[in-house]
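Let me begin by presenting the structure, written as structure tokens, before commenting on it.
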Amino acid sequence: MTRASAPLATTQIDSLLERLVARWHEVEPAHAEAGLAGRICDLHRFNFLLWHEEDIARSPEVTDARIAEVKRAIDRYNQARNDAIEKVDDFLIEELARLGVEAAAAAPAATETPGAAIDRLSILELRRYHMLEQVERADAAPEHREKAANRMVVLDTQRQHLIGAIDRLLGEIFAGERPLRVFRQMKMYNDPTMNPYLYRAKAAA
């Protein structure tokens, strides 16, 4: 059986995600990474954009027209996010083929792909960044900051567990112990040929 190492350690991936979250709050979200890191950064960017559009949608001060714009943006970013998850997994499948790593036919697949797990890690880093903002809020009551600090401890523990789980999953896949099967989302709501509200509206026009 051919064995190989994963292209990136999960600690490297998480460090990149954490660094980009902080940077993108100061500059336009973009990156110059290539290969697997580039695909992960693409995924992370869509999660970043989604997070902030959803913040706008929950504001009681925005108009109905603005909320409609935000909802459409959320749909676009969510479609792009799901496509980006699959592209992470597709890259890994190509890398496995290049290295000649193939799991036995009877090897059990995991319930989650590396791309989907990295998506969760991306969202977790966004949540950690914004929770830390609450911990450090000078205008908040001590009770609020303490509540946020307690939640930060939980998030940090979850991060370590998730990093370990992704590392194990990638290790098993690149050792040929588990197959990597891409879970195709088949999203329909943005497809004008499959969303009934879109194709019926077109037919009635």
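Values for this structure:
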quantity	calculated
Tabulated pairs, segment 136-151, first assigned to a helix (DSSP H, G or I), second hydroxyl-bearing (Ser, Thr, Tyr) and at pLDDT 95 or above, C-beta under 9 angstrom, 6+ apart or interchain	none
Test: residue in segment 2-20 that is over 27 Å from Leu170 (Cα atoms) and either of a type in the set (Phe, Trp, Tyr) or under 18 Å from the mean Cα position of the chain (by Cα) (or both)	no
Search result, residues across segment 86-133 that are assigned to a loop (DSSP other than H, G, I, E, B), touching a Ser or Thr at 6+ places or on another chain (Cβ under 9 Å) and surrounded by 17 or more Cβ atoms within 10 Å (Cβ to Cβ)	Val101
Filtered residues of segment 1-19 (kept if among the hydrophobic types (A, V, I, L, M, F, W, C), touching a residue at least 60 places away in the same chain (Cβ under 8 Å) and in a helix (DSSP H, G or I))	Ile13, Leu17
Any hit, segment 29-38, residues being out of contact with any Gly (no Cβ under 8 Å at 6 or more places or on another chain), farther than 20 Å from Tyr77 by Cβ, surrounded by fewer than 15 Cβ atoms within 10 Å (Cβ to Cβ) and touching a residue at least 40 places away in the same chain (Cβ under 8 Å)	yes
Every pair of residues 6+ apart whose Cβ atoms lie under 8 Å, when the first sits in segment 158-186 and is outside any loop (DSSP other than H, G, I, E, B) while the second is exposed (fewer than 14 other Cβ atoms within 10 Å of the Cβ) and modelled with pLDDT under 95	Phe174/Arg3; Phe174/Ser5
Residues that are in contact with a helix residue (DSSP H, G or I) (Cβ under 6 Å, 6 or more places away or on another chain) and among the β-branched types (Val, Ile, Thr), drawn from segment 119-173	Ile123, Val135, Ile163, Ile166
All positions within segment 42-85 that are among the basic types (Lys, Arg) and outside any helix (DSSP H, G or I)	Arg58
Condition met for Glu26 (surrounded by fewer than 13 Cβ atoms within 10 Å (Cβ to Cβ) and either without any contact (Cβ under 8 Å) to a residue 12 or more places away in the chain or assigned to a helix (DSSP H, G or I) (or both))	yes
Number of positions in segment 87-117 that are under 11 Å from the mean Cα position of the chain (by Cα) and more than 13 Å from Leu170 (Cα to Cα)	0
Any hit, segment 12-26, residues being at pLDDT 95 or above and hydroxyl-bearing (Ser, Thr, Tyr)	yes
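The values are calculated or read from the model by the stated rules, or taken from the named source; none is laboratory data. As the structure is a prediction and not an experimental result, all values here were calculated from the model. Cβ: placed from backbone, ideal geometry, glycine included. Neighbour counts: every protein chain shown.
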